Amino acid sequence: MDRVVRVLVVDDSAYVRKVVREILSRSPFLEVVGAARDGEEALELVERLSPDVVTLDLNMPHCDGLDFLRRQMARRPLPVIVVSVASDSGELVMQALDAGAVDVVQKPTALATERVLEIAGDLVAKVKAAATARVHVPDPASRPALIVPAAVTPRTRRTDVLVIGVSTGGPQALKQLIPRLQADFPLPVAVVLHMPVGYTALFARSLAAACRLEVAEAHDGDVLRPGQVLIAPAGFHLSFARRPDGVATAKLGLHPLDTPHRPAVDVLFRSAADVYGDRTLAVVLTGMGSDGTRGAAWVKAQGGRVFTEAEETCVVYGMPRSVAEAGLSDQTVPLDKMAEAILGAL
């Protein structure tokens, strides 16, 4: 990062504002230019200070975080990181992501204690990534158009599973991609989305309401079925196994322990390649970091295919860039064309 990122901190707790300021100020690339105690004050400070990124509490008096987010995005979209506690309504967090927030950091407690310092590494990394984010504000009245597969000459090569890895900007990206797939989509779909513990089941329900496919948080032993989307639960790796009768099932676990994320895209992709071989199609969407690159290499080694989201539609062009620069991407596709590319590969 070659510039200092200007950050506005928004939280109704004076203690949290102080701690977040201290956390961010430790990085030479971040400068806290102001702090607001509610959404109304935040709107004024954004206008006056022009920050690059806002960290946003949701539960605040007078004008809460969601109200601020919607009003600010209507004025001038900018990257917002929601800093929420687990006791906050998960529905509020989902609404914030739908309104354009780029990511979520979960506070360990709502109390004024030093435990807030536990989020330091995660918060700094996500604020840095958000500074380069392309903010997309979805139109709540619009629904992604269904992609109807064209009749094609049958091919000898089969695709039996679709696996997707995504991080920063992922909820918005999945809500653009998955609803474009028809209800009789012929493959099982498995997704790893980097999200704090407690939100993946809510997101699965939210995504299910927006599309024609069956969507659920994965459970150990789930049978992989065409037309079903399984979301890896936060805190558990998602992989595959075959029963003695040949049926593929979902497997949840804590190992490996040395991955930066749990669930990890690398774990999902490698397992898919092990179980499905060259019949695997892996898709890497927006996100920071390089999770998915090693898994993509394993997919390619087994003869499968890898698609990556194009830079111009990514919120953060990190994970797809890493895969593409490693020479592992078969196609680089804008998000609004990804469903068409997937169907064309079947």
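The values are calculated or read from the model by the stated rules, or taken from the named source; none is laboratory data. A quick note: this is a predicted structure, and the numbers were derived from the prediction, not measured. Don't worry about glycine lacking a Cβ; one is built from the backbone with ideal geometry, like all the others, and counts go over all protein chains shown.
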- Tell me, please, whether a residue that is surrounded by 18 or more Cβ atoms within 10 Å (Cβ to Cβ), among the hydrophobic types (A, V, I, L, M, F, W, C) and over 14 Å from the mean Cα position of the chain (by Cα) can be found in the stretch 191-209. no
- The number of residues in the stretch 310-327 that are crowded, with 24+ Cβ neighbours inside 10 Å and closer than 22 Å to Ser271 by Cβ is 3
- Note on the structure: The condition of being under 23 Å from Ala133 (Cβ atoms), touching a residue at least 24 places away in the same chain (Cβ under 8 Å) and either surrounded by fewer than 24 Cβ atoms within 10 Å (Cβ to Cβ) or in contact with an Asp or Glu (Cβ under 7 Å, 6 or more places away or on another chain) (or both) holds, among Asp278, Asp274, Asp330, Asp291, only for Asp291
- Query: From Leu58, Leu97, Leu78, which residue is under 17 Å from His136 (Cβ atoms), touching a helix residue (DSSP H, G or I) at 6+ places or on another chain (Cβ under 9 Å) and buried (at least 22 other Cβ atoms within 10 Å of the Cβ)?
  - Reply: Leu97
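Here's the yes/no breakdown for (1) in contact with a Gly (Cβ under 6 Å, 6 or more places away or on another chain); (2) surrounded by fewer than 21 Cβ atoms within 10 Å (Cβ to Cβ); (3) β-branched (Val, Ile, Thr); (4) modelled with pLDDT under 80:
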position: Ser87; (1), (2), (3), (4): no, yes, no, yes
position: Val104; (1), (2), (3), (4): no, no, yes, no
position: Arg158; (1), (2), (3), (4): no, yes, no, no
position: Thr168; (1), (2), (3), (4): yes, no, yes, no
- Message: Checking Pro108 against (1) over 30 Å from Phe185 (Cα atoms); (2) at pLDDT below 75; (3) touching an Asp or Glu at 6+ places or on another chain (Cβ under 6 Å), only one condition comes out false. Which one?
- Response: (2)
- Note on the structure: Scanning the stretch 235-257 for residues that are small (Gly, Ala, Ser) and more than 21 Å from the chain's Cα centre (by Cα) gives Ala241, Gly246, Ala248
- Query: What are the residues in the stretch 19-36 that are surrounded by 14 or more Cβ atoms within 10 Å (Cβ to Cβ), within 14 Å of Ile119 (Cβ to Cβ) and charged (D, E, K, R), if any?
  - Reply: Arg21
- From the options Asp12, Asp67, residue that is without any contact (Cβ under 8 Å) to a residue 40 or more places away in the chain, surrounded by fewer than 23 Cβ atoms within 10 Å (Cβ to Cβ), closer than 29 Å to Leu202 by Cβ and not assigned by TED's automatic domain parsing to the domain that holds Leu202: Asp67
- Selection from the stretch 54-85 of residues of a type in the set (S, T, N, Q) and in a loop (DSSP other than H, G, I, E, B) yields Asn59
- Message: Please go through the stretch 1-42 and give me each residue that is in contact with a Phe, Trp or Tyr (Cβ under 6 Å, 6 or more places away or on another chain) and either over 25 Å from Gly318 (Cα atoms) or in a helix (DSSP H, G or I) (or both), ordered by number.
- Response: Gly39, Ala42
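With small (Gly, Ala, Ser) and at pLDDT 95 or above as the only criterion, which of Ala345, Ala324 stands out?
Ala324
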